[in-house]
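Nothing in this text is a laboratory measurement; each read-out follows from the coordinates by a stated rule. All values derive from a computational prediction rather than experimental measurement. Ideal geometry is used to build each Cβ from the backbone, glycine not excepted, and the neighbour counts take in all protein chains shown.
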């Protein structure tokens with residue numbers, strides 16, 4: 001069974017020193033940089049990936065759901081938190097799901113619905129180790145999900 005990766009996009013961007021610097025050029029630049037990294041990760045790991053962004057931080061012209069290079073991109077509903085949107089996604093999915101977020105609100109809900117939670121910073125390390133396995137010792141890569 002495939003593992004589906006879901007994440008709070010802005011949370012990951014703002015937890016990442018590199019992505020947060022890019023986001024200083026604008027929210028769209030930060031989103032694009034994250035999506036490029038996720039695309040590279042998806043090509044290496046082949047996991048379905050969904051990234052959820054908060055509507056409050058997005059331009060009003062953004063659609064509720066789009067696909068970008070095979071990555072599903074969702075925006076929370078008007079007045080809805082990203083955590084609530086992630087909870088809807090977790091409840092709806094019929095596959096194993098891992099939620100990458102540093103927000104604490106989803107963790108108990110995720111566990112109740114069979115999902116695992118990983119800190120945004122840990123998932124960023126996983127993306128980097130997948131893209132550059134020669135930079136990390138083998139036991140680090142294995143702990144982060146194998147090669």
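Rounded to the nearest 0.05, what FRET efficiency do residue 32 and residue 92 have when you use their Cβ-Cβ distance and R0 = 30 Å? Display every interim value, and only then the final one.
Values: r = 27 Å, r/R0 = 0.89.
Between residue 32 and residue 92 the formula returns 0.65.
Length gain on complete extension for the stretch residue 113 to residue 22, per 0.36 nm per residue less the alpha carbon to alpha carbon distance?
The residue 113-residue 22 span can extend by a further 29.3 nm.
How are the alpha carbon pair distances in segment 1-54 distributed across 5 Å bins from zero to the largest one, expressed in percent?
4, 21, 31, 22, 14, 6, 2, 0
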